[in-house]
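None of the figures in this text is laboratory data; all of them are computed from the coordinates on show. Please read these numbers as outputs of a predicted model, since none were measured by experiment. When we count neighbours, we look across all protein chains shown, and the Cβ atoms used for this are built from the backbone with ideal geometry, even at glycine.
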Amino acid sequence: MTLKLYGDLLSQPARAVDILLRANNIEYEFEYVSLRKGEHLTSAMKALNPRGQVPFIIDDGFVVCESSTIMRYLCQKYSLPDHWYPADLKSRTGVDTLLDWYHSNLRATSGYVFMKGMQVSVFKMSPPREEYIKLKEDIMLMSLKILEESYLTEEGSFLLGASQPSIADVLLGCEVTQTCMLDEADRERVLGGKPKIAKWLAALEETTAPHFAEVHTTIRSTAKEMEASSK
């Protein structure tokens, strides 16, 4: 039975899983679940995934949820090249540390900042309170500072000085790429003066080409639509 990925490429975690599948030539079917239409919250979808979230995969009837868990599962199920999720205990612990840090810091905050315009123009939601966004942004900026100064080094092109990307690179890279949702001034304020992050993102897109760029087509085109509608 063919592996199925349920998601919407407006979802950062769905994009990360999709890139891993594409980059490793894993046969799968993409089952589009429209976040705009709230399809992830329907009874039919919750029958498959009670959490009502995307992404999730179904592999021969086995449901796997949560992006980092899905990516670990794929690495081990398909014996992917070691750099994605290393067998060496210390190297793997480094990747796991990044994944845990990401979910409780960068992921928990940046989405609110990057996607605030989309909440209004795409999902037709009320704009979030400015004081709430400011709180999230402060934590996000500190997380990006840690990423620039601690997790990216001069030793290699990828996180923790690695010469090849891990699943942590893909997850974090997809998150930071969401700066395309910001206007030019805000992008400069968020990422300006962070040359290691800029170099890392370029290396990630090049190493996973053409998949990284293709998977980000939806969100980049949505960002352009938002920019045009705001003028």
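Shape of segment 3-77 from the C-alpha gyration tensor: prolate (a/c of 1.5 or more and a/b above b/c, with a ≥ b ≥ c the square roots of its eigenvalues).
Given 10 °C and 1.306 mPa s, compute D for the chain with the Stokes-Einstein relation, Rh being the Kirkwood radius over Cα pairs; round to the nearest whole µm²/s. Stokes-Einstein gives a translational diffusion coefficient of 87 µm²/s.
Think of the chain as a dipole: +1 on every Lys or Arg Cβ, -1 on every Asp or Glu Cβ, centred on the Cα centre; then among PRO55, LEU152, PRO165, PRO55 lies furthest on the positive end.
When each of MET181, MET142 is scored by the number of other beta-carbon atoms lying within 10 Å, the sequence from fewest to most is MET142, MET181.
Within the chain, what percent of beta bridges assigned by DSSP are antiparallel, to the nearest 5? That works out to approximately 60 percent antiparallel. Annotation for segment 5-29 versus segment 126-189: alpha-carbon center distance of 20 Å. For the peptides 57-68, 86-97, the ranking by mean Cβ contacts within 10 Å, running from highest to lowest, is 57-68, 86-97.
Assuming charge only on the beta carbon of Lys and Arg (+1) and of Asp and Glu (-1), the dipole of the chain about its Cα centre is about 580 debye to the nearest 20.
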